[in-house]
Amino acid sequence: MTHAVALLRAINITGRFVKKDVLRQLFVELGLTGISTFIASGNVLFDEENGDPAALEARIETHLRASLGYEVATFVRSAAELAAVAAHTPFALDEMASAFGLMVAFLKAPPDEAGRERLLAYRRASDDIAVHGREVYWLRRVQQSETEFGGAKLERALGVPATVRSITTVRKLAILAAGKK
């Protein structure tokens with residue numbers, strides 16, 4: 001049994017509000033155990049058998065669609081994978097420390113070369129982008145209101161769904177997943 005995190009796209013935004021206790025119950029209904037949530041943006045920690053993550057993502061998505069009435073793209077990472085994402089340094093440390101934000105976008109699979117090229121074309125003085133495996137790191141050198149880049153452009157460039165979290169949230173989730181009993 002391993003600890004894992006499901007990162008859900010578009011939960012608790014624009015009319016798609018799901019209380020944390022309801023979200024936990026939906027995961028109980030899937031037969032998962034050790035369930036907890038972290039902040040209200042669709043982060044669910046749980047225990048899982050060492051199975052196929054893609055099959056688990058599909059199972060969760062199917063159940064959430066049936067229960068909530070809309071699509072909820074789901075990205076599952078093991079505690080070890082999340083720790084590696086949190087520890088990765090895609091940019092110079094001094095640059096990350098002085099930035100307005102470092103965001104991580106989670107994908108189902110590494111982007112293909114064409115998607116990667118479209119995505120990296122968004123690099124600007126205000127925004128830097130690095131791809132590492134199934135994650136995209138976005139360094140914001142300006143306030144969010146001052147950038148033209150964001151999650152919607154990231155998804156359009158790659159042609160696949162993604163969900164974005166701040167590096168602070170990713171690091172906290174990694175700590176929680178590592179310490180989960």
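The values are calculated or read from the model by the stated rules, or taken from the named source; none is laboratory data. The structure presented is a predicted model; accordingly, all values stated were derived computationally and were not measured. Reconstructed Cβ throughout: ideal geometry from the backbone, glycine too, with neighbour counts over all protein chains shown.
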Inset, instruction - Could you list, in sequence order, all residues of segment 56-109 that are surrounded by 16 or more Cβ atoms within 10 Å (Cβ to Cβ), of a type in the set (Gly, Ala, Ser), under 14 Å from the mean Cα position of the chain (by Cα) and more than 22 Å from residue 19 (Cβ to Cβ)? - result: 78, 79, 83, 86, 105
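Go over the candidates 79, 121, 114 one by one and state the one that is in contact (Cβ under 8 Å) with a residue 60 or more places away in the chain and of a type in the set (A, V, I, L, M). Walk me through it before giving the result.
Details: 121 fails: in contact (Cβ under 8 Å) with a residue 60 or more places away in the chain; 114 fails: in contact (Cβ under 8 Å) with a residue 60 or more places away in the chain.
It is 79.
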Inset, instruction - Read through the list (1) more than 25 Å from residue 147 (Cα to Cα); (2) outside any strand (DSSP E or B), then give the number of the only condition that residue 111 fails. - result: (1)
Inset, instruction - May I ask you to list pairs of residues, at least six apart or on different chains, whose Cβ atoms are under 6 Å apart, with the first in segment 34-55 being surrounded by fewer than 15 Cβ atoms within 10 Å (Cβ to Cβ) and the second being aromatic (Phe, Trp, Tyr) and outside any loop (DSSP other than H, G, I, E, B)? - result: 34/46
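Considering only residues of segment 25-55 that are in a helix (DSSP H, G or I) and at pLDDT 95 or above, which is nearest to residue 76 (Cα to Cα)?
Going residue by residue through segment 25-55, those that are in a helix (DSSP H, G or I) are 25-28, 53-55.
Restricting the remaining residues to those that are at pLDDT 95 or above gives 25-28.
Values: 25: 18, 26: 16, 27: 13, 28: 16 Å.
Ranking the qualifying residues of segment 25-55, first place goes to 27.
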Legend entry - Identity of the residue in segment 1-24, assigned to a loop (DSSP other than H, G, I, E, B), under 17 Å from the mean Cα position of the chain (by Cα) and aliphatic (A, V, I, L, M), that ends up farthest from residue 104 (Cα to Cα): 13
Legend entry - Unique residue being surrounded by 14 or more Cβ atoms within 10 Å (Cβ to Cβ) and in the same structural domain as residue 168 (by TED's automatic domain parsing) when the list is 119, 26: 119
Legend entry - Residues being of a type outside the set (D, E, K, R), more than 15 Å from residue 131 (Cα to Cα) and in a loop (DSSP other than H, G, I, E, B) - total across segment 66-108: 6
Legend entry - Filter result (of a type outside the set (A, V, I, L, M, F, W, C), at pLDDT 95 or above and either closer than 23 Å to residue 8 by Cα or part of a strand (DSSP E or B) (or both)) within segment 122-152: 127, 128, 132, 133, 134, 135, 137, 140
Legend entry - Conditions (1) under 20 Å from residue 41 (Cα atoms); (2) touching a Lys or Arg at 6+ places or on another chain (Cβ under 9 Å); (3) not small (Gly, Ala, Ser): number failed by residue 158: (1)
